[in-house]
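This report concerns only the one structure given below.
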Amino acid sequence: MTAWRPHWSWAGIPVLVVVWMLVASRMPAYVLPQPWNVAAEAARWLQGGKLWPQLAASLVEEAAGFALATGVALALGLAAGTSRAVRDFITPVNALFMAIPPVAWAPLTMIVFGLGTTAIVAVIFVAAAFPMATAIQQGVEGLGGGEVRAARTLGATRAQLLLHVVLPASLPAITAALRIGFSQAWRALVAAEMIGATRGIGWMVSMGGQVGNAEQVLLGMVLIGLVAWLMESLVFRRLERHYQRWNVR
């Protein structure tokens, strides 16, 4: 009989909130407000009809940049994973773009595209595309060769091999790449909005800091963490479990 073991995953957030309350009780409210003060700030934003437009703006920008990055990363990663020539060509390019912090691209994209959605989407794309491409490439390279050889023996074309063997077997790696890419894209979005946006969650945090509104800053931070947690729990973990059966050993 297997001994019962408690699961502590539920306890992390409540403990964090308790620590927050304890620390806030020893500091002025204008420096570190209590959680209920942040909740009251959220209620004010909701009643004024200002919260949802900020959240929606960030989600639209994230979706656009992440979708574009995913498409490019799939193409680059699959090509580099199946072709040595493409891999040799693209590896230094990936390394170069991954070495530059995404936020460093924000001023340049704002010079090129101006303030607004296009510049932020460009930052998100750069932040997410190349880490995802590298992860997908490594996943394809790690596939077992038996299925590939069998498909080639049966006369599969390169397109059939890619579509019916490589792509399904790479789904666990692609899921992991999506998780990495979303994390990078979400952080880049917030940083870019803090630098040069007129709306969005990052803009909320930046404006709150400039006027000394700690409640608004913390509200933005809570929203940032909440969206990331929901994506991890409701999307990426489920995808990972669903596609794990495709993993070729």
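Could you check, for the range 130-140, whether at least one of its residues is modelled with pLDDT of 80 or more and touching a Phe, Trp or Tyr at 6+ places or on another chain (Cβ under 8 Å)?
Yes: one or more hits.
Look through 97, 125 and report the one residue that is under 24 Å from residue 227 (Cβ atoms) and either touching a helix residue (DSSP H, G or I) at 6+ places or on another chain (Cβ under 6 Å) or surrounded by fewer than 17 Cβ atoms within 10 Å (Cβ to Cβ) (or both).
Only one candidate passes the filter, namely 125.
Are there any pairs, at least 6 apart or on different chains, whose C-beta atoms fall under 7 Å, with the first in the range 47-64 and closer than 17 Å to residue 192 by Cα and the second assigned to a helix (DSSP H, G or I) and among the charged types (D, E, K, R), and if so, which?
Final answer for the pair search is 58/193.
Considering the range 201-214 alone, what residues qualify as being more than 16 Å from residue 57 (Cα to Cα) and crowded, with 20+ Cβ neighbours inside 10 Å?
214
Specify the residue that is modelled with the lowest pLDDT; the eligible residues are those in the range 1-53 that are polar (S, T, N, Q) and assigned to a loop (DSSP other than H, G, I, E, B).
2
For residues that are surrounded by 17 or more Cβ atoms within 10 Å (Cβ to Cβ), aliphatic (A, V, I, L, M) and either over 26 Å from residue 60 (Cβ atoms) or touching a residue at least 60 places away in the same chain (Cβ under 8 Å) (or both), tally how many sit in the range 100-122.
Result for the range 100-122: 5.
In the range 54-106, which residue that is under 15 Å from residue 186 (Cα atoms) and of a type in the set (Phe, Trp, Tyr) is modelled with the highest pLDDT?
Going through the qualifying residues, I end up with 66.
Which ranges mark the helices (runs of 4 or more DSSP H) fully within the range 141-236 that have 1 or more residues being among the β-branched types (Val, Ile, Thr) and modelled with pLDDT of 80 or more?
Ranges flagged: 171-196, 201-211, 214-231.
If residue 84 satisfies every condition in (1) without any contact (Cβ under 8 Å) to a residue 40 or more places away in the chain; (2) surrounded by 14 or more Cβ atoms within 10 Å (Cβ to Cβ); (3) basic (Lys, Arg) but one, which is the exception?
Among (1) without any contact (Cβ under 8 Å) to a residue 40 or more places away in the chain; (2) surrounded by 14 or more Cβ atoms within 10 Å (Cβ to Cβ); (3) basic (Lys, Arg), the lone unmet condition for residue 84 is (2).
The values are calculated or read from the model by the stated rules, or taken from the named source; none is laboratory data. All figures in this text were calculated on a predicted structure; none of them were measured in a lab. Note: ideal-geometry Cβ built from the backbone for every residue, glycine included; neighbour counts use all protein chains shown.
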